[in-house]
1. Could you grab me the full set of residues in region 346-370 that are at pLDDT 95 or above and outside any helix (DSSP H, G or I)?
2. Please give the number of the condition residue 130 fails out of (1) surrounded by 23 or more Cβ atoms within 10 Å (Cβ to Cβ); (2) in a loop (DSSP other than H, G, I, E, B).
3. Being closer than 25 Å to residue 213 by Cβ, crowded, with 22+ Cβ neighbours inside 10 Å and either modelled with pLDDT under 95 or in contact with a strand residue (DSSP E or B) (Cβ under 6 Å, 6 or more places away or on another chain) (or both) narrows it down to one of 301, 331, so name that one.
4. Taking the criterion of being in a helix (DSSP H, G or I), in contact with a strand residue (DSSP E or B) (Cβ under 7 Å, 6 or more places away or on another chain) and under 19 Å from residue 131 (Cβ atoms), would at least one residue in region 164-180 satisfy it?
5. Would you confirm whether or not region 178-195 contains a residue that is within 27 Å of residue 47 (Cβ to Cβ) and in the same structural domain as residue 259 (by TED's automatic domain parsing)?
6. Filter region 377-396 down to the residues that are assigned to a helix (DSSP H, G or I) and in contact with a helix residue (DSSP H, G or I) (Cβ under 6 Å, 6 or more places away or on another chain), then identify the one that is surrounded by the fewest Cβ atoms within 10 Å (Cβ to Cβ).
7. Any idea how many residues of region 306-321 are at pLDDT 95 or above, out of contact with any strand residue (DSSP E or B) (no Cβ under 6 Å at 6 or more places or on another chain) and either surrounded by fewer than 24 Cβ atoms within 10 Å (Cβ to Cβ) or assigned to a loop (DSSP other than H, G, I, E, B) (or both)?
8. Please go through region 202-231 and give me each residue that is under 30 Å from residue 177 (Cα atoms) and part of a loop (DSSP other than H, G, I, E, B), ordered by number.
């Protein structure tokens, strides 16, 4: 059972795109599906691409409202601005006129979602639930940590600059702010946001699906990575780490589940490191397809260089896999158990930690049990109840 919200909910997810799923996409989809099943009045505003994502992930088509936009120009910045203006217009004038209190939920802090939700709040006097799942890194640092060098990437600079507008709006006008972990909650509170308005979502796992999925046929893997193939996730370093693992445990195999802008680069790095037969790229997988591979693996790798959490590794936790990550402050609180932490950016220590777990070190069983316990706490059915209650509490206090 979920906790219904006190009004008619309009999710604005105009920036939902691509064949994969971001953490924010996963959160709004899981919450929406469960709220709808309990009779929550609900609509989801998306582009045609977002509609495909919703239907692919089990959202009833009657809940999806498409705000179509003409084909995008090749320039990504132009498309972003066009999509923002389009979403603003539709949010101000085209939200369904359902009697009763209106609640808008922006699925991300990107302008097409956050600015449209702010406009809807002001025009319709709506309550606003804002998804805010990561503080953009300063452009001079980017997502690469100590590997950042040279001129900042344009995409990093634009992400940081765009958040300079959306973040103040969220801080001052959102009635409830959904964040990934305690670290981001504390930062928002430092900016003056009352703790009652900030809700730590963490993420969720479909434990029942993991339990009911058999490993299936196919190769076994010593390690598995699940996530977007982006510099933030440390995937370039992952190839270097696996080269180091080979020096100690030759023949160890790695499965990489995910898609993203670095796929071609990573394939080239793999082949250049003579790991073609030892690293398999499976692309984006979800549901049983993903769990079948995870259940044929022994350790989950989470080498993020900059992160607010990252729920993908906990899907492997549901299968009893222990994990290895860097000791980023965000991950210390996000994964308090089940994950072996090594000093940030130390690739040799990361590889050593993997080998230790593969060699059945004394802490492997303990980490495996802890991982499963954490996954059970993150079961989506339970998380949706807790999140719904917290949102209701925030909205009630905001209306006083």
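The values are calculated or read from the model by the stated rules, or taken from the named source; none is laboratory data. In this text the structure is predicted, and so the values were computed from the model without any measurement. Methodologically, a virtual Cβ is constructed for each residue, glycine included, from the backbone with ideal geometry; neighbour enumeration extends over all protein chains shown.
1. 346
2. The number of the failed condition is (2).
3. Of the residues listed, the single one that is closer than 25 Å to residue 213 by Cβ, crowded, with 22+ Cβ neighbours inside 10 Å and either modelled with pLDDT under 95 or in contact with a strand residue (DSSP E or B) (Cβ under 6 Å, 6 or more places away or on another chain) (or both) is 301.
4. There is at least one residue in region 164-180 that is in a helix (DSSP H, G or I), in contact with a strand residue (DSSP E or B) (Cβ under 7 Å, 6 or more places away or on another chain) and under 19 Å from residue 131 (Cβ atoms).
5. No; the residues of region 178-195 include none that is within 27 Å of residue 47 (Cβ to Cβ) and in the same structural domain as residue 259 (by TED's automatic domain parsing).
6. Per the criteria, the residue is 380.
7. Residues that pass the stated criteria total 2.
8. 202, 203, 204, 206, 227, 228, 229, 230
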